[in-house]
Amino acid sequence: MDTAAYQRGIMDAVSNPLVEEVDIMSSAQIGKTEIILNIIGRHAHRDPCSIMWLLPSLMMSKQITKSRLEPMFEVTPVLNGILADKRVRDGGNSLDFKKLPGGNYLIMAGANSPASLSSWPIRILLGDEIDRWGKLIKNEGDILMLARKRTTSFASNKKIVLVSTPTEKGESRIYPAFTETNQQYFHVPCPHCGGMQVLKFGNLKFEYDREAIKGLTQGAEEAEEFEWKRKAIAEHIHAWFVCEHCGSVIEHEDKHDMVLSGEWRAKFPKIVKRQGFHIWQAYSPFVTWAETAAEFLYATGYPDRMRVFTNTVLGELFEEKGQRLDDAPLMERREQYPAKLPEKIEMVTVGVDVQGDRLECEIIGWAADGENWSLDYRILWGNTQLLETYEQLEYVWELEWERQDGALLTVDALGIDVGYNPSEKGNTEDVDSNVIYDWVESISKLHRVFAVKGSSTRVEGVVKWTRAGKRRLKLWRVDGEQIKDVVLKRLRIDPGLPGSAHFPLQYDKHYFMMLTAEEKKLKAGRRVWTKIRERNEAVDTRQYAYASLLILKPKWGHIKRRMVEREVKEEPSEDGGVTEKRQRLRVKKRLKMRRR
Ligand SMILES: [Zn+2]
């Protein structure tokens, strides 16, 4: 099966003289580039005119020219010989400009370079991946508007074709365009009852071998890593559709024939001038239903992955549900931790936020899949210009937690913020970061301690070190936006799922108010984390604890732990239960204050 079955209707719309605009909102992997190539090939052959193929960047444009466009002209018999000899300089065949018969041309352009839009009039505008054309500027300056203007001299026979996987509400260009069309969806017949229907994600059912999947998804933090695992994971999944008419099971092997006998049906058939098409991965000849289910499993529990899944697999707009995160439901989730912590906790890190008169310090236990347990939150009062204030933090290396398998968890790393800026917070006293560096230098001989500093600009790889002044010490710059995207969005995940957070009973309302003190707001066209309440230290401690985990890059599943020493003789109690002494070996929490 190729993409021809659903391409046909799209091609018909493009060649229909009554149609002025065709907007295709889709997932990835459905053969969008073939559609565009077909349009170009058809016109170059039968109806040469001025065409522009506008991609997100000039680089992508050049790549696709070399890898797809030029080969098409070479291997297609009716197109062969249409383009001029590339070896002839100024012969009208360069990477971004190709002469077509009758004084016409094809311009290959990048949306990142408005200059490449040139002043040439365009009859056919092919806007490719328009939601990746940099940020949307809603008024006049938007690149889509500029590109549309190039077609104005062909009022009667211009054609605008826009293709994209959507992004999110307020940022997407393809979504508003699609909503103004006749909105066609591809209907396929049920192999059992013949009932025509759109394949809806809600009707995709699957069952899988939980254990096998667990091994494969574990550690698949990076999207690329998952990409090559997808097929392997899919082997453990059986996925099928349920017919919305007769309820029968539709197996994947039926897909081919169903798509072949499918047809486009419009939601608003009276609209002719603007035709819209929506199609997603379930129809794709390149991806199986089981692979789609694998992608869903990979995204479940991770808001960021779910966003990607919604856009690139379902081809749908992502809408964040409930922008504001309330403190109350989070507080309701507090729980009494078991005496022995879950085995899946493999790492323990500490995040420390520095204020003028205190340190705020949170200890978090992490599992490989991002599920996390807040273990301790303390405020350590003291003048933060004095070394002894920082020495109070050394209590964290006295702490031990026993895990269900008898392993002892201790603190693996601590990240302390060296970016406290008193002038920003109306504090006239300066905190000399040298004091923090002194402490970090001395304590890091014994323990893993990182000097971290939040950065409002993008940090490649999220955490990256530079030198702290003239010292030998590493200063870790952390990308606050990206880290908050992970730790704060994870607060929305239901308890127990990968990435979800656990909180102990003793945390008070104040803690949860701090933790929910930031939300994403639009600032200069970019959505950034913004304080909605003054006190937000719990956001920062969590941020630095997570940054420390990223710096450590743990080898999940291979971390060796000391076991609880059973040096105490086990005195069998009368009922054979756990002895008191053994119980005393459990969670030890001692605050050791050292003062000089
Ligand atoms: Zn049926």
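Only the coordinates and a few stated rules stand behind these numbers; no lab work does. Fair warning: this is a prediction, and the values are worked out from it, not measured in the lab. Please note: Cβ atoms are built from the backbone with ideal geometry, for glycine as well, and neighbour counts cover all protein chains shown.
At a Förster radius of 35 Å, what calculated FRET efficiency corresponds to the Cβ-Cβ distance of Ser456 and Arg562, to the nearest 0.05?
Values: r = 40 Å, r/R0 = 1.14.
So the FRET efficiency works out to roughly 0.30.
Note down the relative contact order for the range 234-297 as a percent, whole number, built from C-alpha pairs under 8 angstrom at least six residues apart.
Working: 39 pairs, mean separation 28.0, N = 64.
It comes to 44 percent, rounded to a whole number.
Are there cysteines in the chain with no other Cys C-beta under 4.7 Å, and if so, which?
Result for the chain is Cys49, Cys361, no neighbouring Cys Cβ within the cutoff.
Take the alpha carbon gyration tensor of the range 1-125, find the square roots of its eigenvalues, order them as a ≥ b ≥ c, and report rounded if a/c is under 1.5; if not, report prolate when a/b exceeds b/c, else oblate. If you can, show how the numbers build up before the last one.
Details: a/c = 1.43, a/b = 1.30, b/c = 1.10.
Because its axes are fairly even, with a/c under 1.5, the range 1-125 counts as rounded.
Find how much the distance from Ala328 to Cys193 grows on full extension, using 0.36 nm per residue of separation minus their present alpha carbon separation; answer in nm with one decimal. Mind showing how you got there, number by number?
Working: separation 135, 0.36 × 135 = 48.60 nm, distance 4.93 nm.
Gain in length upon complete extension: 43.7 nm.
Can you tell me the length gained on complete extension of the stretch His238 to Phe286, counting 0.36 nm per residue apart and subtracting the Cα distance? Show your work: numbers first, answer last.
Working: separation 48, 0.36 × 48 = 17.28 nm, distance 1.72 nm.
The His238-Phe286 span can extend by a further 15.6 nm.
Remind me, relative contact order of the chain in percent, using alpha carbon pairs under 8 angstrom and six or more residues apart? Don't skip to the answer; put the middle values down first.
On the way: 1141 pairs, mean separation 81.4, N = 596.
Once normalised by length, the contact order is 14 percent.
Quickly estimate the mean residue ellipticity at 222 nm for the chain, helices only: each DSSP H run with n ≥ 4 gives -39500 (n - 2.57), and the total goes over all residues, rounded to 500. Present the calculation step by step, with values, prior to reporting the outcome.
Details: 18 runs with 158 residues, N = 596.
One gets -7500 deg cm²/dmol as the mean residue ellipticity at 222 nm.
Which shape class applies to the range 314-380: rounded if a/c is under 1.5, otherwise prolate when a/b exceeds b/c and oblate if not, where a ≥ b ≥ c are the square roots of the Cα gyration tensor eigenvalues?
Working: a/c = 1.88, a/b = 1.33, b/c = 1.42.
Here the range 314-380 falls in the oblate category.
At a 10 Å Cβ-Cβ cut-off, how would you order Leu117, Leu79, fewest neighbours first?
Taking fewest neighbouring Cβ atoms as first place, the list is Leu79, Leu117.
Going by Cα centres, the range 344-366 and the range 1-63 are how many Å apart?
53 Å
Taking R0 as 25 Å, what's the FRET efficiency between Lys464 and Val528 from their Cβ-Cβ distance, rounded to 0.05? Could the numbers behind the result be given before it?
Numbers: r = 20 Å, r/R0 = 0.79.
Once the sixth-power term is evaluated, E becomes 0.80.
Dividing the alpha-carbon Rg of the chain by 2.2 N^0.38 Å yields what?
On the way: Rg = 29.6 Å, N = 596, 2.2 N^0.38 = 24.9 Å.
Taking N as the residue count of the chain, the ratio is 1.19.
Fewest to most neighbouring Cβ within 10 Å: what's the order for Phe97, Phe226? Mind dumping the intermediate values first?
Details: Phe97 15, Phe226 18.
Lowest to highest Cβ neighbour count: Phe97, Phe226.
Mind sorting Lys267, Lys159 by how few other Cβ atoms lie within 10 Å of their own Cβ, fewest first?
On the way: Lys267 12, Lys159 24.
Ordered by Cβ neighbours within 10 Å, fewest first: Lys267, Lys159.
For the range 327-552, what is one quarter of the convex hull surface built on the Cα atoms, given in nm²?
On the way: hull surface 50.4 nm².
So the Cα hull casts an average projection of 12.6 nm².
By the gyration tensor of its Cα atoms, with a ≥ b ≥ c the square roots of the eigenvalues, what is the shape of the range 241-383: rounded for a/c under 1.5, prolate for a/b over b/c, or oblate?
Because a/c hits 1.5 or more and a/b exceeds b/c, the range 241-383 counts as prolate.
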